[in-house]
1. Going by how many other Cβ atoms sit within 10 Å of their own, how do VAL14, VAL133 line up, fewest first?
2. Where does each of ASP126, ASP27 land when they are ranked from fewest to most other beta-carbon atoms within 10 angstrom?
3. Which longest uninterrupted range of the chain lacks any GluC sites (Glu not before Pro) assigned by DSSP to a loop state (not H, G, I, E or B) and surrounded by at most 16 other Cβ atoms within 10 Å?
4. Over 27 Å apart: what share of the alpha carbon pairs of the chain falls there, rounded to a whole percent?
5. Over every pair of different alpha-carbon atoms in segment 2-70, take the mean of 1/r and invert it; report that Kirkwood radius in Å.
6. Sorting LEU24, LEU78 on the 10 Å Cβ count, fewest up front, what's the list?
7. Per q in 0.20, 0.21, 0.29 1/Å, what log10 I(q)/I(0) does a Debye calculation on the alpha-carbon atoms of segment 74-141 return?
8. Roughly how big is segment 56-107's charge dipole about its Cα centre, with Cβ charges of +1 (Lys, Arg) and -1 (Asp, Glu), in debye to the nearest 20?
Amino acid sequence: MQTQLKEKLWAFIVHNNPELMFNLQEDYSVTSYLDSKIKDIMPLAEQLLSENRPDYVVEELCLEQMTEELKPSRYHYLLSILEEEFSADYERLRESGTLTYEVVNLIAYCKDIFDGYGFNAANEEDRQLRYTVIGQVHEYLS
């Protein structure tokens, strides 16, 4: 089960948090990060298994717990803003193969805004946040 959880967590990170993926790879700390997350979640997994919960339920609940701090995805948030508000730039970046790279750069460029708003699921739809981020993206692309 530990291997499956590790693989699912890594797949989640690759898909939803590529900035974390790049940072972990750059620091050669992918394995230690994943091992730490699995070690922390194993007491919950063992408890759920002792309650005779099916493996797929245990995996899903553990994955949900391990990814809680990674949500919402700043990557997907910025990707949707690019696609909706800057469609020509989105297409240009997608066609050139640099879309993921540039969105990861945008995450760093918008970090102070995200941190200032305490970006989370509760304020992900905040219009002021969106407009502020749109302004920052416009500045980045100019």
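1. So the ranking, lowest neighbour count to highest, is VAL14, VAL133.
2. Exposure proxy ranking, most exposed first: ASP27, ASP126.
3. Working: sites that count: GLU51, GLU124, GLU125.
Value returned for the longest uninterrupted segment is 52-123.
4. On the way: 3326 of 10011 pairs.
When all Cα pairs of the chain are counted, 33 percent exceed 27 Å.
5. About 12.4 Å, per the Kirkwood formula over Cα pairs.
6. Numbers: LEU24 18, LEU78 23.
Arranged by neighbour count, lowest to highest, LEU24, LEU78 become LEU24, LEU78.
7. Here the Debye-derived log intensity ratios amount to -0.75, -0.82, -1.46.
8. 160 debye
Every number in this text was worked out from the coordinates using simple rules, so none of it is lab data. The structure presented is a predicted model; accordingly, all values stated were derived computationally and were not measured. Quick reminder, even Gly has a Cβ in these numbers, built from the backbone with ideal geometry, and neighbours come from all protein chains shown.
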